[in-house]
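What follows is a single structure, written as structure tokens, with notes after it.
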Amino acid sequence: MHVGIIMDGNGRWAKKRLLPRSAGHKAGMNRMISLAEHAQRLGIKYLTVYALSTENLARRPREELDGLFGLFRKYFNDNIKKLYKSNARVKVIGDKTALPDDVAELLRGGEENSPEGAEFTLVFAINYGGRAEIINAVNRAVESGKKVDEREFAELLYTGSVPEPDLIIRTGGELRLSNFLTYQSAYSELYFTDVLFPDFSDGEFDKALSDYAGRERRFGKV
Ligand code: IPE
Ligand code: IPE
Ligand code: MG
């Protein structure tokens, strides 16, 4: 099973506590780390976390972005070894070229040093945009000089051989996908909750999963 999470509401979580937005991002990062462990314990094979969109990178204040890069640095320096030890690997989707060089390098290292044959994959969407991903795949197809079918096209996306998300969760109350897994979400089940991401507990995640378990996925059949 593949679950995607749009981790929204960090800023509002901080504001409610009269804290700077950066405190919300820090709390969100800590929540994400625990949630990934929880998902792995449940036997979920892929968890994709939307950490930074192409629009966030283009439109958020420099100071906020620098804070987020600091959190990514810390994660990839300090937390990743524990993840590897639990037989998990990391994959990054998004355009790394627009990130600070050292962050891009850390992300690359995080992917390359991942254990082979890991049972769980944590996919980080960083400077990720579904449209940019599709355009990139189209250009790769054009360069290859031959027509592609749906399966071959999917292989050209950043997600490559990662299966499509079965369930996409969005915290923070907004009812939209904000450029997340645009191509891959065609048949995903969607779950929206008002809970702000730093408050999205393991129990809330379980609630989303049991809601999903009650869905009937028809894929166009009767
Ligand atoms: C989501 O939280 C995290 C990122 C986009 C990096 P927000 O920062 O969007 O939090 P709100 O929506 O302002 O509460
Ligand atoms: C979506 O949240 C992106 C991430 C969670 C990384 P935003 O807060 O950027 O989305 P919009 O702007 O409300 O659509
Ligand atoms: Mg938001």
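Taken together, the values in this text are just the output of simple stated rules run on the coordinates, not laboratory data. Note that the coordinates shown come from a computational prediction; the quantities given were computed from them, not determined experimentally. Cβ placement follows ideal geometry from the backbone for every residue including glycine, while neighbour counts extend to all protein chains displayed.
Quote the relative contact order of the range 18-132 in percent (integer), defining contacts as alpha-carbon pairs under 8 Å separated by 6+ residues. Let's see the in-between values first.
Details: 129 pairs, mean separation 45.5, N = 115.
Once normalised by length, the contact order is 40 percent.
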remark   = Between the residues Met29, Val162, Ser53, the Cα farthest towards the positive end of the dipole of the chain, that dipole coming from +1 and -1 charges on the beta-carbon of Lys, Arg, Asp and Glu, is from Met29
key: Listed residues Gly145, Gly109, Gly67, most fluctuating in the chain (Gaussian network, C-alpha, under 10 Å)   = Gly145
request  = Identify which of Ser178, Ser210, Ser114 has the largest mean-square fluctuation in a Gaussian network model of the chain, with springs joining Cα atoms closer than 10 Å.
outcome  = Ser210
key: Between the range 13-33 and the range 41-85, the Cα center-to-center distance that results, in Å   = 14
inquiry  = Taking a ≥ b ≥ c as the square roots of the Cα gyration tensor eigenvalues, with a/c under 1.5 meaning rounded and otherwise prolate when a/b beats b/c, else oblate, which class fits the chain?
reply    = rounded
ask   = Per q in 0.19 1/Å, what log10 I(q)/I(0) does a Debye calculation on the alpha-carbon atoms of the range 1-43 return?
value = -0.60
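Counting pairs of alpha carbon atoms under 8 Å apart in space and at least six apart in sequence, what relative contact order in percent does the chain give?
Values: 328 pairs, mean separation 62.8, N = 222.
Result for the chain is 28 percent.
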inquiry  = Pick from Lys85, Lys146, Lys15 the residue whose mean-square fluctuation is largest in a GNM of the chain, springs joining Cα atoms under 10 Å.
reply    = Lys146
request  = Assuming a ≥ b ≥ c are the square roots of the Cα gyration tensor eigenvalues, decide whether the range 167-211 counts as rounded (a/c under 1.5), prolate (otherwise, with a/b larger than b/c) or oblate.
outcome  = oblate
ask   = Which whole-number percent gives the relative contact order of the range 127-222, counting Cα pairs below 8 Å spaced six or more residues apart?
value = 26
Per DSSP, loop GluC sites (Glu not before Pro) in the range 179-218 with at most 12 further Cβ within 10 Å = Glu216
request  = Could you list, in their original order, any pairs among Lys45/Lys81; Lys16/Lys85; Lys85/Lys147; Lys15/Lys45; Lys96/Lys147; Lys45/Lys96 whose Cα atoms are separated by more than 30 Å?
outcome  = Lys16/Lys85; Lys85/Lys147; Lys15/Lys45
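Per-residue ellipticity at 222 nm for the chain, helices alone: DSSP H runs ≥ 4 residues times -39500 (n - 2.57), over residue total, nearest 500 deg cm²/dmol? Don't skip to the end; give the middle numbers.
Working: 9 runs with 99 residues, N = 222.
Taken over the chain, the calculation gives -13500 deg cm²/dmol.
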query = Is the shape of the range 1-111 best called rounded, prolate or oblate, per the rule: a/c under 1.5 gives rounded, else a/b larger than b/c gives prolate, else oblate, with a ≥ b ≥ c the square roots of the Cα gyration tensor eigenvalues?
reply = oblate
DSSP-assigned coil residues among GluC sites (Glu not before Pro) in the range 132-171, each with at most 16 further Cβ atoms within 10 Å = none
